[in-house]
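Read through the structure below, which is laid out as structure tokens, and then see the notes.
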Amino acid sequence: MRHHFLLLGACGWVLLVLIFVSRFFSFRAVDDYPERTGQSWTVAGSKTRPAPVTIPEKGAARPSRQPSADPPEAAWEQVWERRDELLSAACRNASLSGLTHVPVTKFVLDRIFVCDKHKLLFCQTPKVGNTQWKKVFIVLNGAFTTVEEIPENLVHDHEKNGLPRLSSFTPHEITLRLNTYFKFFIVRDPFERLISAFKDKFVKNPRFEPWYKHDIAPAIIRKYRRSHRDSDSERAGSGLHFEDFVRYLGDAEGRRHLDQKFGESVIHWATYAELCAPCEIKYDVVGHHETLERDAQHILRAAGIGGLVSYPAIPPGITRYNRSKVEHYFSGISQRDVRRLYARYQGDFHMFGYSSPDFLLQ
């Protein structure tokens, strides 16, 4: 019987030892958890205490192994900050003041669309994807639930699309919105934008705006086509040539009379300064057409509407800068005409960080 009790006592001691060892390894397992999640341990002997460890409850999401800020996104934040710095520097450049500083007139206020519901202002700069931003504003105003539902003809019908312009408000209301609303616009390489405007209005004209071909083009041809071009049998009767268009745009004095005659049709080739007055109006974001997919998402997030509407899908490659296209269109144009054209759009190149077109002058 005594041996029986001794055996039971020995088993009890063994059980106690096992319990102690299991608890020891249990604590070591908990201590290993931070190392597996990427947290660093304090070196032995250091006076710094390790961060407390929290074990997630069953079914709870595990802590992310990714850093809190996505490096690519953080890098793009720096891109946008750099763009703002370039714009500010160009606005302070006295030698460019005649090209960058434009008074906030009715012409500018007519370009700015308003969304009072979400306190947004969008300045229209044609040929940089403005149709899609108009769709975004139409959805935000509640007329449609998605941008895909909106008919194309409605977007450009300014009497029916429900998009008020800033010029329709009183001076006090205008000042209030300019000072408190989120403001943005989009830019594009200035020369590539001119090519797009030329193709859209004088070659393709998909929305059938006949006054471009029937009124504006003949007026430019009469004033700016060189006489030897008229006898060119291969090109006679083909309508406005790109070189005619370039000469008209680069004529600092002569085109003003025509511009008054053309009215608001000139918005498609007016400078960004003339359209949006970015040196007088402090915009929150200036996006670039060349990086529109990234910029559009940033604008939606920064404006606080990312969960309410999506920017329409962008076909692959459609926003990429095409230098070969620029070289093709400018191949028959004299360096003198290129220099005169650049002189007019130089402010746009500097304000938004686009390289001067030196390759066209070599």
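Go through the residues of region 148-170 one by one and say whether even a single one is touching a residue at least 60 places away in the same chain (Cβ under 8 Å), in contact with an Asp or Glu (Cβ under 7 Å, 6 or more places away or on another chain) and open to solvent by 50 Å² or more (accessible area, probe 1.4 Å).
No: zero hits.
Given the conditions (1) part of a helix (DSSP H, G or I); (2) touching a residue at least 24 places away in the same chain (Cβ under 8 Å); (3) within 17 Å of the chain's Cα centre (by Cα), which single one is not true for TYR354?
Condition (1) is where TYR354 drops out.
Here's the yes/no breakdown for (1) loosely packed, with under 12 Cβ neighbours inside 10 Å; (2) within 30 Å of ASP189 (Cβ to Cβ); (3) modelled with pLDDT under 50:
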position	(1), (2), (3)
PRO71	yes, yes, yes
ALA75	yes, yes, no
LEU86	no, yes, no
GLY98	yes, yes, no
HIS101	no, yes, no
THR105	yes, yes, no
LEU109	no, yes, no
GLY129	no, yes, no
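Select from region 199-219 the residues that are of a type in the set (Phe, Trp, Tyr), touching a residue at least 24 places away in the same chain (Cβ under 8 Å) and open to solvent by 10 Å² or more (accessible area, probe 1.4 Å) and write down the one among them that is nearest to ASN322 (Cα to Cα).
The selected residue is PHE202.
Within region 225-271, work out how many residues are modelled with pLDDT of 95 or more, hydroxyl-bearing (Ser, Thr, Tyr) and open to solvent by 20 Å² or more (accessible area, probe 1.4 Å).
Looking only at that region, the number is 0.
The values are calculated or read from the model by the stated rules, or taken from the named source; none is laboratory data. None of the values given here were measured: they were computed from a predicted structure. Ideal geometry is used to build each Cβ from the backbone, glycine not excepted, and the neighbour counts take in all protein chains shown. For the accessible areas, the whole protein counts, side chains as well, though only heavy atoms, and no ligand, DNA or RNA atoms are used. Shrake-Rupley method; radii C 1.70, N 1.55, O 1.52, S 1.80 Å.
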